[in-house]
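Before any comments, here is the structure.
All of the numbers you see were taken from the coordinates with simple rules; none came from a lab. Model, not experiment: these values are computed from the prediction. Positions of Cβ are backbone-derived with ideal geometry, glycine not excepted, and every protein chain shown enters the neighbour counts.
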Amino acid sequence: MRLILLGPPGAGKGTQAERLQAKYSVPQFSTGDLLRSVIAEGGEIGEMISEAVRSGTLVSDETVLEVIAEKLDHSSSVNGFILDGFPRNVAQAEALDAILAVKGMALDSVIEIRIPDSFLVERIIGRYSCSNCMEGYHDTFKHPKVPSVCDKCEGRSFIRRPDDNVSLVKMRLNVYHEQTAPLMSYYDKKGLLRSVDGKNSIDGVIREISVLLD
Ligand code: AMP
């Protein structure tokens with residue numbers, strides 16, 4: 001399975017990608033997570049990436065392509081992959097097509113998680129993660145079962161993303177509408193695009209995606 005999940009920040013791509021990874025046994029790659037690991041390593045490239053992330057703009061295509069190409073070259077991707085957060089513009093989509101063509105591969109499906117902007121600000125500013133295992137939680141929608149203790153690793157320290165604040169969310173949504181939304185027609189013309197209703201619960205969305213994929 002070679003799948004792309006599209007949708008605005010806060011649509012639930014990361015949550016769904018993790019579930020799909022477990023269900024279909026193919027790796028998921030989130031360019032946001034991969035770029036945050038490069039930032040954590042420090043150095044000049046990390047600083048450059050951090051500047052873009054902190055301003056809510058896109059990291060350069062060249063940097064992102066380098067990061068994602070390495071993952072697609074990895075042996076774990078040979079039976080497929082799920083991409084979350086990539087491509088983010090038409091130039092990246094064209095570059096992905098070229099990378100796959102060299103490998104004799106093609107995409108199977110592109111699923112758009114559709115959701116109006118009005119739902120997204122609350123979703124994004126309420127989210128936080130365990131700083132140890134990165135399991136995601138939300139102030140309103142998903143609390144740890146034992147307060148302040150991670151369900152997954154029992155860690156007790158939690159973090160919020162610095163770009164998950166109201167003004168940056170609005171900026172990131174503008175970038176999405178201007179640069180990423182044109183991908184819908186790009187993939188629709190190729191006959192690959194299908195969409196699900198991101199307003200549904202996490203379980204409802206995964207059910208809808210599974211019906212499309214199965
Ligand atoms: P995300 O975790 O997908 O919300 O991404 C967080 C930030 O990482 C974005 O606001 C961008 O600055 C950067 N980013 C993630 N994926 C890409 C991409 N494919 N192209 C450019 N920048 C990206």
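Here are a few things to note about the model shown:
- Placing a label point 7 Å from the Cα of residue 121 along the Cα-to-Cβ direction, the residues of region 172-210 with a backbone N closer than 14 Å are 172-174.
- Counting 0.36 nm for each residue step from residue 207 to residue 78 and taking away their Cα separation leaves a gain of 43.9 nm.
- Cα lying deepest toward the dipole's positive end in region 1-157, options 53, 82, 137, charges on Cβ: 137
- From helices alone, the chain scores -14000 deg cm²/dmol at 222 nm; the rule is -39500 (n - 2.57) for each run of n ≥ 4 DSSP H residues, then divide by the residue total.
- Distant-in-sequence amide H partners of residue 151 (H built 1.01 Å from N, under 5 Å): 145
- When each of 13/199; 23/189; 13/142; 142/199 is checked by Cα-Cα distance, pairs over 19 Å: 23/189
- Each residue of region 194-202 was assigned a 3J(HN,Hα) from its phi angle through the Karplus expression (A = 6.51, B = -1.76, C = 1.60, θ = phi - 60°), giving 9, 9, 10, 8, x, 6, 5, 5, 4 Hz with x at Gly and Pro.
- Only Lys, Arg, Asp and Glu carry charge here, each on its Cβ (+1 for the first two, -1 for the last two); on that basis region 88-184 has a dipole of about 320 debye about its Cα centre.
- Partner aspartates and glutamates for residue 190 [C-alpha distance under 18 Å; skip if fewer than 8 residues away on the same chain]: 94, 97, 108, 112
- Using 0.36 nm per residue and subtracting the Cα-Cα separation, the extra length available between residue 51 and residue 199 on full extension is 50.1 nm.
- Fully extending the segment from residue 1 to residue 171 would add 57.9 nm, taking 0.36 nm per residue of separation and subtracting the current Cα-Cα distance.
- Measure of compaction for the chain (Cα Rg per 2.2 N^0.38 Å): 0.99
- For the listed peptides 78-91, 175-188, a ranking on the average number of other beta carbons within 10 Å per residue, highest first, reads 78-91, 175-188.
- Here the dipole of the chain is about 660 debye; that uses its Cα centre as origin and unit charges on the Cβ of Lys and Arg (positive) and Asp and Glu (negative).
- The charge dipole of region 42-136, taken about the Cα centre with unit charges on the Cβ atoms of Lys, Arg (+1) and Asp, Glu (-1), comes to about 320 debye, rounded to the nearest 20.
- Sorted from greatest to least, the principal axis extents spanned by the alpha carbons of region 1-97 come out as 36, 28, 26 Å.
- What the Cα convex hull of region 124-163 gives, in volume per residue, is 58 Å³.
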